[in-house]
Amino acid sequence: MDIRIQLTAIVIMSIIVWNYARSKRLPLITTRVFGIFLMTSGINLVAELATIDTIYHIEIIDPLLNRFCHQVFIGTLNLTIFWLHMYVEYRAKEQKRESVRKFLIRVTPLTISMLMVVFGPLYYYIGEDGRYSYGPMAMTVYVSIFIYVCFTVRTLIAKADYFTKEMRIAILSGITVWLVIAIYQLIHPTALLSSMGVSLMVLIIYLSYENPREYADFETQTLNPRAFHLMLTEHTESKKRFYVINFMIEDVEVIQNMFGYSEVVKVLGQMAKSLGTLSIEKIYHSKSNMISMVISKEKRYHTLIQKLENWDFVYHDEKGIQYKPKCKICVIECPKYAKSVDDVMHLLDYLKKNPQILNRSSRVVEIGEEVIRNKNYVSKVEGLIRTALDTDGLDVYYQPIYAAKEECFVSAEALVRLKDTETLGYISPEIFIPIAEQKGLIGELGNQVFEKVCRFAREKEIWKYGIKYIEVNISGVQGIDQDLPCILKGYMQKYEITPEFINIEITETASTKTGDMLKQNMEQLRALGCHFSMDDFGTGYSNLSQMAKVHFELIKLDKSLIWPCFEEGGTEAKVILENSINMILQLGMKIVAEGVEKEEQVQMLTKLGVNYLQGYFFSKPIPDEQYLAFVQQKNAF
Ligand code: C2E
Ligand code: CA
Ligand code: CA
């Protein structure tokens, strides 16, 4: 009696099971099925060892015990292949439920063969060359196994899309190794190699397939976004109520500045650990600055929420520095507010980009109708922007700019307009520009506006009307696109517009936040001859030294700097305005005052030395033809 092969197989299997047991697993159906597969194959190995022992002591052992060991061995072999088959089926299926008829067909071979295992006859060969069992019981199981192998291979081929190439190769080679050994065993029944076949098969599949590492997020010691996705898929399919609780770090920038760029994940890691002590739920690293939990039990959810109201988290870095990150907790009730995985992911994306929407007094915010309405509005606007971009549907309006000294209209600011096709009203750029920025559409939008300006200028040769230049807004997000100078140059060449005719407006905050790339782009465009305006001066809180670092030809004073001077008790505001104007003029830059609505504003601003004036006093932004007519009339050409 030689059991070295069986012992080796058991060692291999033990390592796999040990590795599997200590790793983070997902509470998914597929994971459970894989666990059953591992368990049955493990029992199978031990049972084979037992059968060898009993058959070699057949003379002294209770025949019933001997038969029982063989039954367990043969039965679990059958189950092992059956569960492997089920595992492949589940992975290949989006909808986990199946019809009763299909289910019956699926379990028929298993049922018949298991009945044979319980009641069927089994014979024992006792020879000089070795001992083994045979007979109808074993044969039926072999047939059943063969059927499940065929089912599995068929699924792997028919539903190839659900598996990576690596996965398919792993399963097919695992099965092949087992089959080769099984056939050899049929020819040489005394060899007793079954356990080796099973363990090798499990090993091959395990190493490249249901490896729990697939789902681990090593940096935060949680489960990764893929795991989160799978988990949500399974929950949304069940159509039962569940909650997704999300913990979102808001002050990512502060953490990066204080501790370093890679520290956010460490904060998330510690947060997950702290949450782990509150709840037994699995924690997922769902998005870059977010961790999440998925709970389906109503009672458990409510107790956890109560605990979370008082949950306090302080981050400790390696050097002992402590920091309390700003963390928002929001709950999405599914399927009420999100029916599919995509819905959840979109909602999280939206919350991540618009955390202000969660500004409430309570610690935990449950997402409600209002947030959904807002989000849907954003989606709707996004759709409108996309359609407008695809169908040349954007309009550009021009707001005349008046030169105080020359007393005529010398330029205009180009302002984009987006029409809501349903209500036929315009949506404010203050709403849709940030959405275009978030959705990655601002580049295309900015390009189209720029091209329209160039085309209009060329077609009407607007310089003939006394227009010296046009101001075009460039968003901070667009400003850091490496290709920007090249693209803008292309349009100017196409329409033969001299770069001096273009003045690019960049907001104060953008020029301080976006750093070097914007500066490089500005330098390249300036080298061509383009000029620049700092937009909305006075609204941001960037330091003034920025103005010395990056050169602007023009500074646009925001209305919030101007209007208070004309209100009651506006003396202080006036001091600020006067000094700002003096400083800018001393720096050799010119000034445009925005939001000029009243005669008295015109007079005072002109007196203070402001070069250009823009506002409703002169005109609102108007369509291109109208703008030309306006300039023609006012400049009396
Ligand atoms: P902005 O660059 O500060 O543009 C000036 C805004 O003030 C315009 O609003 C204009 O209509 C408004 N305005 C002008 N004069 C007056 C006035 O006397 N009183 C009042 N109350 N408002 C006045 P608009 O067109 O709604 O644009 C809002 C913002 O959207 C712009 O602010 C700009 O930041 C952005 N934007 C507009 N067009 C574009 C574009 O083509 N590209 C980019 N990136 N942003 C744009
Ligand atoms: Ca502007
Ligand atoms: Ca402005």
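The values are calculated or read from the model by the stated rules, or taken from the named source; none is laboratory data. Predicted model only: the values in this text are computed from it and were never measured. Because the Cβ atoms are built from the backbone with ideal geometry, glycine has one as well, and the counts that use them run over all protein chains shown. For the accessible areas, the whole protein counts, side chains as well, though only heavy atoms, and no ligand, DNA or RNA atoms are used. Shrake-Rupley method; radii C 1.70, N 1.55, O 1.52, S 1.80 Å.
I'm a student and want to see the number: the projected area of the Cα convex hull of segment 162-247, averaged over all directions, in nm².
Directional mean of the projected Cα hull area for segment 162-247 stands at 8.3 nm².
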To the nearest 20 Debye, how big is the dipole of the chain about its Cα centre, given +1 on the beta carbon of each Lys and Arg and -1 on that of each Asp and Glu? 1980
Just check segment 360-432 against the gyration tensor rule for me: Cα atoms, a ≥ b ≥ c as the square roots of the eigenvalues, rounded for a/c under 1.5, and otherwise prolate or oblate depending on whether a/b exceeds b/c. oblate
Full extension between TYR261 and VAL107 adds, at 0.36 nm per residue less the Cα distance, a length in nm of 50.0 nm
For a quick size check, give me the Cα extents of segment 102-183 along its three principal axes, largest first, whole Å. 49, 33, 12
Let me have the relative contact order for the chain, percent, based on Cα pairs under 8 Å that are six or more residues apart. 9
DSSP-defined beta bridges in the chain - what % are antiparallel, rounded to 5: 60
Label segment 521-637 by shape, choosing from rounded, prolate and oblate, from the square roots a ≥ b ≥ c of the eigenvalues of the Cα gyration tensor; if a/c is under 1.5 it is rounded, and otherwise prolate applies when a/b is larger than b/c, oblate when it is not. oblate
How much FRET efficiency would the formula 1/(1 + (r/R0)^6) give for THR164 and SER428, where r is the Cβ-Cβ distance and R0 is 30 Å, rounded to 0.05? 0.05
With unit charges on the beta carbons (Lys and Arg positive, Asp and Glu negative) and the dipole taken about the Cα centre of the chain, which residue among ASN44, GLY446, GLY570 sits farthest to the positive side? ASN44
If one computes the Cα centroid of segment 571-631 and of segment 118-157, what distance in Å separates the two points? 92
Any chance you could look up the accessible area of LYS324 with a 1.4 Å probe, heavy atoms only, rounded to 10 Å²? 120
Which pairs, out of LYS353/LYS494; LYS282/LYS307; LYS24/LYS297; LYS307/LYS328, put more than 25 Å between their alpha-carbon atoms? LYS353/LYS494
With every protein chain left in place, what is the accessible area per residue of the chain in square angstrom, probe 1.4 Å? 49
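Could you please put THR111, THR222 in sequence from largest to smallest accessible area, using a 1.4 Å probe?
THR111, THR222
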So if I take the centroid of the Cα atoms in segment 413-477 and the same for segment 1-57, what is the distance between those two points in Å? 67
Tell me, what % of the accessible area of the chain is carbon and sulfur with a 1.4 angstrom probe? 56
Restricting to Cα pairs below 8 Å that are 6+ residues apart, what does the relative contact order work out to for segment 390-479? Please round to a whole percent. 31
Assigned charges on the beta-carbon of Lys, Arg, Asp, Glu; segment 23-129 dipole about Cα centre (debye): 1120
Accessible-area ranking of LYS339, LYS319, largest first, probe 1.4 Å: LYS319, LYS339
SER14 paired with ARG226, simple spin-label distance in nm, labels 7 Å along Cα-to-beta-carbon: 3.1
Would you compute, from DSSP H runs of 4+ residues alone, the mean residue ellipticity of the chain at 222 nm, taking -39500 (n - 2.57) per run and dividing by the full residue count, rounded to the nearest 500? -18000 deg cm²/dmol
If you count only protein heavy atoms and use a 1.4 Å probe, how large is the accessible surface of LEU445, to the nearest 10 Å²? 10
Evaluate the relative contact order of segment 326-395 (contact order divided by residue number), counting alpha-carbon pairs under 8 angstrom at least 6 apart; express in whole percent. 37
Cross-link reach list, lysines versus LYS165, counting only Cα pairs under 24 Å and skipping chain neighbours closer than eight places: LYS93, LYS96
Round to the nearest 10 and report in Å² the accessible area of HIS346, as given by a 1.4 Å probe over the protein chains' heavy atoms. 100
Give the cross-link partners of LYS159 among the aspartates and glutamates, using a straight C-alpha distance below 15 Å as the criterion and excluding same-chain residues fewer than 8 apart. GLU89, GLU94
Which part of segment 269-294 falls in the paramagnetic zone of PHE218, meaning amide N under 17 Å from the point 7 Å along Cα-to-beta-carbon? 269, 285
What fraction of the Cα pairs in the chain, stated in percent, has a spacing above 43 angstrom? 48
Put THR507, THR421 in order of accessible area, largest first, 1.4 Å probe: what do you get? THR421, THR507
